[in-house]
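K.L.:
This is the structure I want to talk about, given as structure tokens.
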Amino acid sequence: MSNLLSRYADAIFWMARYVERAEDLARVLDVTETFSRDSRGGQNWRSILELYSDAPTFSREHGEATAAAVIRFYTLDDRNPSSILSNLGMARSNARTLRPLISTEMWTQLNIFYNRLRALGPQEIAEPRLARFCSMIKEGCQTHTGITEGTFYRDEGWCFYQLGKQLERADQTTRLLDSKYHNVLPSPEDVGSQIDVSRWNALLRSAAGYHAFRKIHPRGMTPGDVAGFMLFHEGFPRSVAACVDEVGGRLTQLRSVYNIPGATAAMGRLDDLRTLLDTDIDGVIEFGLHEYLDRVQQYLNALSVEIGRDLLGHAPAATSAK
Amino acid sequence: MNEVAERTGLLADYDSGGRYCEMFGPPSMQAPIPHTQALRERLTRMSLEDLRERAHDAELELYNFGITFTVYTQKDAIDRILPFDAIPRPIPPDEWQTLESGVRQRVTAINRFLRDVYHERRVFNDRIVPPDVVFSNPNYRPEMEGLEVPFDTYAHIDGSDLIRDDDGTFYVLEDNARCPSGVSYMVENRHLMLRTFPDLIEDQPVRSVSNYGQRLRAALGEIAPEGVDDPTVVLLSPGTYNSAYFEHIFLAREMGVALVEGRDLVTEYDRVYVRTIRGLQPVHVIYRRINDDALDPRAFDPNSLLGVPGLFQAYRKGNVALANAIGTGVADDKALYAYMPRLIRYYLDEDPILPNVQTNLCREKEGLQYTLDHLDELVVKPVGEAGGYGITVGPHATKDELEHCRRQILDRPHNWISQPMISLSVAPTLVDGGIEPRHVDLRTFAVTGRDTWVAPGGLSRVALRKGSLIVNSSQGGGSKDTWVLE
């Protein structure tokens, strides 16, 4: 099969995104649960709803944003299209579509993972067990990533897989940072201070970045250092810069190795993004961290739309399935 | 052969209940058929617990691999596996030789008949088949009249449903010349057997079925439009919601071809293309797993969303090949079935190798008289209906029902056929109560491009409910690995 169907390219791209999104959502829930063990607990859970712009839907369907209700909404609620269960359900459904292309092991793992998740009862996500649930999700998603790395045939399909995964990861890292912005950074004057280290600590750990951060900054921990690390450090696989770098590599590969025409507009959006990232944390703070993250998300989205239009065969007017 | 030793252990209490048994042979069970001896001995050494445990593992594997068909209820889509029975169904070499040549003969006759129906129509002029049997069939496609297809092959993939009577004779119960399914289970059941029961199959002279995909791909390559050296073949599926979607995936993978849906294909200037990341690429052969009706909204059902507008015109022009051809449905329905032995003699000047179940046509004088005289012994079926509607089972019918049936037949004789009650052979099958006889049938698969190849195996379906003769997966049927022995 020498030519990848546009529909398959799209399904690969989104399968990678859905799994990455599920993993990152587990990370956000995990860190929120850690944060919520204090007096502002309730506010923490509500902030997730704002982060994903789900507050109106949630209050219409579920009323008050209690911890239990928000957790259920984002974990096992099959009516919420952005729950972990729904994301993995869509990933599995894409994998089913892709079975002619992907390895049997990739499909089997997602199939079993999803069926196992679907069988879980409400007691499995109650707050005392939430950390364990999140670990299970992270592990399942990482198993998928590992199997994919070890078994998925390396051709154009692999590029689309990486494009989806890295774009989603970059987007989620900005959200993870943004979600904790209000809680961990009460006022601009505190940026350089040592306050509330435990929270930044938790944030880094939720992105599996604590030890890497310590390598770069053996002593101390300022909010600016952490945010800069998560945004710009090219050696940290979840940093926005590292993800965007990977996206650039794959786009170039598609264009010059696989001779796929029509990646021009996507390359243009990529350049915009690179320009935006060509700064340091001081510049970001001057601009406003929240505003900056917002803009990065907009640019990532614009890039994603161009990839859909240029490479995945979406009709010009169509928006992504997000 | 030590008969006493064999009837200990797992098969000690097994009794075929007066039926022909695929493991022991004739109903008496006195002298078990020799070709199953090694298998029987191996089974005897196994404990019921071990068999059960491994059978369970095998079914779990089917579920985890997603080797499933989908059942839709109002609320949910449920993935079901086709239950796998661990005890294989062996077929000895001599019997297989008969089956293979019988199936080949039947497929050849079907293709000759289809060619004739859509071109010369000698079969009607020579009064072999009454024209209305074909022309009143909704599956007749006037669009195919006069259209040439490569090698005059219409039914590239043909499935024959075979059953075995108490005396051990195989009969053809049904032909499937449209989109026969089930071949993925033939191959996957073997894989499952090799993985979960290696000790049963090890060193047994079982013929391999794993090259089905390559044989099919080769046949599809043969029918590509002239002048195309390296044809692009695709498998056209209705999509992930189709209950046979697993099989479509399986075949696309085995053949190394793209699995496409209608929306992936477009036509331009009477040629078919597939949408890829490099733009539109030409397609030369389509193995389609969607019905004639749905193929092309411009030529057939205008409401079809599954098809490809303009596909038929490209096919007409010879720019793309379809397997199976359009309009094969006239060859595999109940009405035509009764004529198959005559068609074999007519086209091939040979006696049928595999008999039909004896079928009395009430449209013919002798058939009518015989049916009326033996109404309480026969199964009476309307020719036009599907799904068991309107059937009268003589031995189970009341006097009033038989009288009603008689009046219906006399009212419109050409609408009715009758057949004797036929019993299906049984095979030892693992059920809740242990190992018991259950009725089985056999679907064989024949692939025809330039020539016909019959896969040395098939799908043995088993009715898991006690006494049931219904082997369909939708009605509690399972399947067995079918061993064609060398």
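No value in this document is a laboratory result; all are computed from the given coordinates. A quick note: this is a predicted structure, and the numbers were derived from the prediction, not measured. Here Cβ is always computed from backbone atoms with ideal geometry, including for glycine, and neighbour counts include all displayed protein chains.
K.L.:
Which whole-Hz ³J(HN,Hα) couplings does segment B:350-363 yield from phi under the Karplus relation 6.51 cos²θ - 1.76 cosθ + 1.60, θ = phi - 60°, glycine and proline marked x?
P.N.:
9, 7, x, 6, 9, x, 6, 5, 3, 10, 9, 8, 6, 6
K.L.:
Which value at 222 nm does chain A reach when only helices count, each DSSP H run of 4 or more adding -39,500 (n - 2.57), with the total divided by all residues and rounded to the nearest 500 deg cm²/dmol?
P.N.:
Working: 15 runs with 227 residues, N = 322.
Value at 222 nm, helices only, nearest 500: -23000 deg cm²/dmol.
K.L.:
Would you kindly calculate the translational diffusion coefficient of segment B:360-420, applying Stokes-Einstein with the Kirkwood radius from alpha carbon pairs, for 25 °C and a viscosity of 0.890 mPa s, and quote it in µm² s⁻¹ without decimals?
P.N.:
Details: Rh = 11.1 Å.
Roughly 221 µm²/s, to the nearest whole number.
K.L.:
Using θ = phi - 60° and the Karplus relation 6.51 cos²θ - 1.76 cosθ + 1.60, list the HN-Hα couplings for segment B:426-436 in order, rounded to whole Hz, with x at every Gly or Pro.
P.N.:
Each residue of segment B:426-436 in turn: 10, 9, x, 9, 6, 10, 3, x, x, 10, 10 Hz.
K.L.:
Counting only residues 5 or more places away or on other chains, whose amide H sits under 5 Å from the amide H of B:A258 once H atoms are built in the peptide plane?
P.N.:
B:L235
K.L.:
If you don't mind, there's one more thing I want to ask. Using the number of other C-beta atoms within 10 angstrom as an exposure proxy, rank B:Y171, B:Y118 with the fewest first.
P.N.:
Details: B:Y171 16, B:Y118 25.
So the residues, fewest neighbours to most, are B:Y171, B:Y118.
K.L.:
So what is the calculated 222 nm ellipticity per residue for chain B, using -39500 (n - 2.57) for each DSSP H run with n of 4 or more, over all residues, to the nearest 500 deg cm²/dmol? Show your work: numbers first, answer last.
P.N.:
Details: 15 runs with 146 residues, N = 486.
Value at 222 nm, helices only: -8500 deg cm²/dmol.
K.L.:
Partner chain Cβ atoms within 10 Å, averaged over the residues of A:252-264 - can you pull that number for me? The partial results should precede the final answer.
P.N.:
Details: counts 0, 0, 1, 0, 0, 0, 2, 1, 4, 3, 3, 1, 0.
Averaged over the peptide's residues, the number is 1.
K.L.:
Placing one identical point scatterer on every Cα of chain A and ignoring solvent, what is log10 I(q)/I(0) from the Debye formula at q = 0.08, 0.09, 0.10 Å⁻¹?
P.N.:
Scattering profile of chain A, log10 relative to I(0): -0.36, -0.46, -0.58.
K.L.:
Report, ordered by chain and residue number, the aspartates and glutamates lying within cross-link reach of A:K215, taken as a straight Cα distance under 13 Å and ignoring same-chain residues fewer than 8 apart.
P.N.:
Result set, ordered by chain and number: A:D225.
K.L.:
Semi-axes, largest first, in whole Å: what does sqrt of 5 times each Cα gyration tensor eigenvalue give for chain B? Display every interim value, and only then the final one.
P.N.:
On the way: eigenvalues 272, 193, 84 Å².
Whole-Å semi-axes of the equivalent ellipsoid: 37, 31, 21.
K.L.:
Can you list the trypsin sites (Lys or Arg not before Pro) in segment B:27-76 that are in a DSSP coil and have 14 or fewer other beta carbons within 10 angstrom? Provide the component values of the computation, followed by the final result.
P.N.:
On the way: sites: B:R40, B:R42, B:R45, B:R52, B:R54, B:K75; in loops: B:R45, B:K75.
Passing sites in segment B:27-76 are B:R45, B:K75.
K.L.:
Find out how many positive minus negative residues lie around B:P302, taking Lys and Arg as positive, Asp and Glu as negative, among other residues whose Cβ is under 13 Å from that of B:P302.
P.N.:
Working: positive: B:R298; negative: B:D293, B:D296, B:D301.
Counting the neighbours of B:P302, the net charge comes to -2.
K.L.:
From the C-alpha coordinates alone, can you work out the Kirkwood hydrodynamic radius of segment A:1-153, in Å? Write out the running numbers ahead of the final one.
P.N.:
On the way: mean 1/r = 0.0616 Å⁻¹.
Answer for segment A:1-153: a Kirkwood hydrodynamic radius of 16.2 Å.
K.L.:
Give the Kirkwood hydrodynamic radius (Å, one decimal) of segment B:306-452, defined as one over the mean of 1/r across all pairs of different Cα atoms.
P.N.:
Numbers: mean 1/r = 0.0529 Å⁻¹.
After inverting the mean inverse Cα-Cα distance, the result is 18.9 Å.
K.L.:
Right, another one. Taking just the C-alpha trace of segment B:90-212, give me its Rg and Dmax in Å.
P.N.:
Taking only Cα atoms of segment B:90-212, I get Rg and Dmax of 18.8, 58 Å.
K.L.:
Let me ask you something else. Treat every Asp and Glu Cβ in segment B:360-420 as -1 and every Lys and Arg Cβ as +1, leave all other atoms uncharged, and give the resulting dipole magnitude about the Cα centre to the nearest 20 debye. Don't skip to the end; give the middle numbers.
P.N.:
Details: 7 positive and 10 negative charges, 38 e Å.
In total the dipole reaches around 180 debye.
K.L.:
OK, next. Averaged over A:98-104, how many beta carbons belonging to a partner chain fall within 10 Å of each residue's beta carbon?
P.N.:
Numbers: counts 2, 11, 15, 5, 0, 0, 3.
Per-residue shielding by partner chains comes out at 5.
K.L.:
How much net charge surrounds A:G288 when only other residues with a Cβ under 11 Å from its Cβ are counted (Lys, Arg +1; Asp, Glu -1)? Intermediate values should be presented prior to the final figure.
P.N.:
Details: positive: A:R295; negative: A:E286, A:E291, A:D294.
Local charge sum for A:G288: -2.
K.L.:
Averaged over peptide B:274-285, how many Cβ atoms belonging to another chain are found within 10 Å of each residue's Cβ? Let's see the in-between values first.
P.N.:
On the way: counts 4, 5, 12, 21, 10, 6, 2, 3, 0, 0, 0, 0.
If you average over the peptide's residues, the count of other-chain Cβ atoms is 5.
K.L.:
Along the charge dipole of chain A, pointing to its positive end and built from +1/-1 on Cβ of Lys, Arg, Asp and Glu, which listed residue (A:P237, A:L25, A:L88) has its Cα farthest out?
P.N.:
A:L88
K.L.:
Around B:L375, under 12 Å between beta carbons, what's the net of Lys plus Arg minus Asp minus Glu among the other residues? Could you put the intermediate results ahead of the total?
P.N.:
Values: positive: B:K399, B:R406, B:R407; negative: B:D373, B:D376, B:E377, B:E401, B:E403.
With Lys, Arg at +1 and Asp, Glu at -1, the net is -2.
K.L.:
Here's a follow-up. What is the ratio of the Cα radius of gyration of the protein assembly as shown to 2.2 N^0.38 Å, where N is its residue count, to two decimals? Display every interim value, and only then the final one.
P.N.:
Working: Rg = 32.1 Å, N = 808, 2.2 N^0.38 = 28.0 Å.
Taking N as the residue count of the protein assembly as shown, the ratio is 1.15.
K.L.:
At a 10 Å Cβ-Cβ cut-off, how would you order B:K381, B:K334, B:K399, A:K165, fewest neighbours first?
P.N.:
Ascending number of Cβ neighbours within 10 Å: B:K399, B:K334, B:K381, A:K165.
K.L.:
Over all directions, what mean area does the Cα convex hull of segment B:59-145 project, stated in square nanometres? Numbers along the way, then the final one.
P.N.:
Working: hull surface 43.8 nm².
Averaging across all directions leaves 10.9 nm² for the Cα convex hull.
K.L.:
Next up: log10 I(q)/I(0), Debye, Cα-only segment B:368-459, no solvent, q = 0.14, 0.19, 0.23 Å⁻¹?
P.N.:
Listed by q, the Debye log ratios stand at -0.74, -0.89, -1.05.
K.L.:
While we're here: Just the projected area, averaged over all directions, of the convex hull on the alpha carbon atoms of segment A:58-101: how many nm²? Intermediate values should be presented prior to the final figure.
P.N.:
Numbers: hull surface 12.1 nm².
Answer in nm², one decimal: 3.0.
K.L.:
Oh, and also: Which whole-Hz couplings ³J(HN,Hα) result when phi for each residue of segment A:122-136 is put into the Karplus expression 6.51 cos²θ - 1.76 cosθ + 1.60, θ = phi - 60°, listed in order with x for Gly and Pro?
P.N.:
Along segment A:122-136, the couplings run x, 5, 6, 10, 4, 3, x, 9, 4, 4, 5, 4, 4, 4, 4 Hz.
K.L.:
Another question, if that's okay. State to the nearest 20 debye the size of the charge dipole of the protein assembly as shown about its Cα centre, where the only charges are +1 on K and R beta carbons and -1 on D and E beta carbons. Mind showing how you got there, number by number?
P.N.:
On the way: 88 positive and 112 negative charges, 184 e Å.
So the magnitude is around 880 debye.
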